[in-house]
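The values are calculated or read from the model by the stated rules, or taken from the named source; none is laboratory data. None of the values given here were measured: they were computed from a predicted structure. Neighbour counts are summed over all protein chains in view; Cβ atoms, including those assigned to glycine, are modelled from backbone coordinates with ideal geometry. All accessible areas refer to the heavy atoms of the entire protein, side chains included, with ligands and DNA or RNA removed. Shrake-Rupley method; radii C 1.70, N 1.55, O 1.52, S 1.80 Å.
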Amino acid sequence: MATKTWFNLIGGRWIPSKTGKTFPNINPARTDDVVGEFQASNAEDVDAAVSAAAEAWKTWRLVPAPKRAEILYRAGALLAERKEQYARDMTREMGKVLAETRGDVQEAIDTAFYMAGEGRRLFGQTTPSELQNKFAMSVRMPVGVCGMIAPWNFPMAIPSWKLLPALVCGNTCVIKPAHETPLSTLNLVQALVDAGLPPGVVNVVTGSGSQVGMPLVEHPLVRAISFTGSSEVGRLVGQTAAAHYKPCSLEMGGKNAMIVLEDANLDLALDGALWGAFGTTGQRCTATSRIIVHRSIAQEFTARLAARAEALKIGDGLDESVQMGPQINRQQIETSTHYCKIAREEGAQILTGGHPLSHGALANGHFFAPTVVAGVTSGMRIAQEEVFGPVVSVLKCADFDEAIEIANNIPYGLSTAIYTRDVNRAFRAIRDLEAGITYVNAPTIGAEVHLPFGGVKQTGNGHREGGIGAIDFYTTWKSVYVDFSDKLQRAQIDTGE
Ligand code: UN1
């Protein structure tokens, strides 16, 4: 079968890049399977897309928000109809198992319905004026053209977190999907187009970070930037946006801790650890990558975790019986391998895994064995740096206070979890864990779309996706004063004294 070629969406037309070049999208479970050819775009394509978005903004911003929302409702319904196909496409381009890619599409459906609901809210405030016969209020205004750069690990959910709130607020968008997973973003945008989104309101430009991402961040007509990805690239994006005084939302790394206290339900904690560490092959910024276990139960917990990790069925995520798919590419396999080597050199013990898998049906894919590292202490690099693979470290703690101290002793602050049946300690953990998200008796993954998503410290720069945080980012406040006194009234001066 001939490989299908996919195009950029610019001004409502699916068109090739000005470069005339494409790049292949490769299935990470079987690298001889090419999902499609995608446009290898450059700054010229970005410029065309931004111009189309700027033109479309003139009318889109005037469409009443509840009407904009109707398009989101229809898009949500279309995504629900197409869920199975889009999930299969996603497993093929990204690798995670079908149950998870169905969840990823579901997250976009949830976002569509939630953000459509916001179309009838977008509340501002009315407030008394300090002067007589004067009315004061604040209203949310759209920002303008928004530039978005998405990661490959949630190829539909995360683009939906960016596009859908931006749209309901009256912005127009140019999105660069991750180089590894452009199809899922195109699928999401196809649903929006089929739902009646006017031309130019969303534009998609595929390609690399340097050729597409950076020109998008730098473009003078782009008013705000939303980026999800590595801390390394995020720093560059943030600095560039700052140089142009653009609001910029960065969502980056994590080194998420799960605390398991001595009174925890151990079976439950094990289920959580397995899902948190090896779901999405550990390639979530919320992945459980450190488990801090009370020393009295550490031996039993670690042995059982290693046994369960070893028993996971690894393979092509399109096979319903497979529990963990491949990593996204060769480079990620090298990173996982490298960190296992570092852990050994630091004196930690690899209880299971620690190496790529290439036997039998796994020969053509980027597979890595689920890995449990024991004997880890908080200062080790394996306990400090993000691996973004199926590698989890177990650390011991003497008590609750030490557990919190270890959990907080990292540069990141995205997600955290605590397993305990003691409500007092659970609430202290909620208060004391330095993170944007804390779970009690559940693993570090599983955020829902109507709550703020993001973190503290080097995880982000203070913005939130999801929930009302997204509406805050994609709108700007306008304060409005209406003076009906028919005379000049001077604030702070005509005080009536
Ligand atoms: C990510 O880890 O990059 O909470 C996003 C979760 C998902 C989203 C994760 N709903 O794990």
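The stretch between THR59 and ALA363 holds 104.2 nm of extra length on full extension. This uses 0.36 nm per residue minus the Cα-Cα distance.
As an equivalent ellipsoid, the stretch 73-165 spans semi-axes of 39, 14, 9 angstrom, where each value is the square root of five times an eigenvalue of the C-alpha gyration tensor, largest first. The antiparallel fraction among DSSP beta bridges confined to the chain stands at about 45%. Of the peptides 407-415, 116-124, the order by per-residue mean of other Cβ atoms within 10 Å, starting with the highest, comes out as 407-415, 116-124.
What you get for the stretch 256-440, charging only the Cβ of Lys and Arg (+1) and of Asp and Glu (-1), is a dipole of about 180 debye around the Cα centre. Between SER230 and ALA398, what FRET efficiency comes out of the Förster formula 1/(1 + (r/R0)^6) with R0 = 41 Å and r the beta carbon distance, rounded to 0.05? That pair, ALA398 with SER230, gives E of 0.75. Counting 0.36 nm for each residue step from ASP32 to PHE135 and taking away their Cα separation leaves a gain of 30.4 nm. Taking a point 7 Å from the Cα of ALA491 along the Cα-to-Cβ direction, the residues of the stretch 100-137 with backbone N closer than 17 Å to it are 125-137. When all alpha carbon pairs of the chain are counted in 10 Å bins from zero, the resulting P(r) reads 4, 19, 27, 24, 15, 7, 2, 1, 0 %.
Express the carbon and sulfur contribution to the solvent-accessible surface of the stretch 256-440 as a percent, rounded to the nearest whole number, probe 1.4 angstrom. Solvent-exposed carbon and sulfur of the stretch 256-440 make up 49 percent of the total. Put simply, the amide H of PHE453, placed in the peptide plane, has neighbours under 5 Å in GLU465, GLY466, leaving out anything fewer than 5 places away on its chain.
Surface analysis of the stretch 256-440 yields an accessible area of 39 Å² per residue, using protein heavy atoms and a 1.4 Å probe. On the basis of the beta-carbon distance and an R0 of 41 Å, ASP271 and SER208 show a calculated FRET efficiency of 0.55. Packing order of peptides 2-9, 366-373, 436-443, 66-73, highest average first: 366-373, 436-443, 66-73, 2-9 (average count of other Cβ atoms within 10 Å over each peptide's residues). Radius of gyration (Cα atoms) of the stretch 256-440, expressed as a multiple of 2.2 N^0.38 Å: 0.98. Amide H contacts under 5 Å for THR438: THR416, restricted to partners 5 or more places along the chain or on a different chain, H placed in the peptide plane at 1.01 Å from N. Since only MET137, ALA77, TRP60 are under comparison, the one whose Cα sits farthest along the positive direction of the charge dipole of the stretch 51-157, derived from C-beta charges on Lys, Arg, Asp and Glu, is MET137. Comparing the stretch 434-497 with the 2.2 N^0.38 Å rule of thumb, its C-alpha radius of gyration ratio is 1.97 (two decimals).
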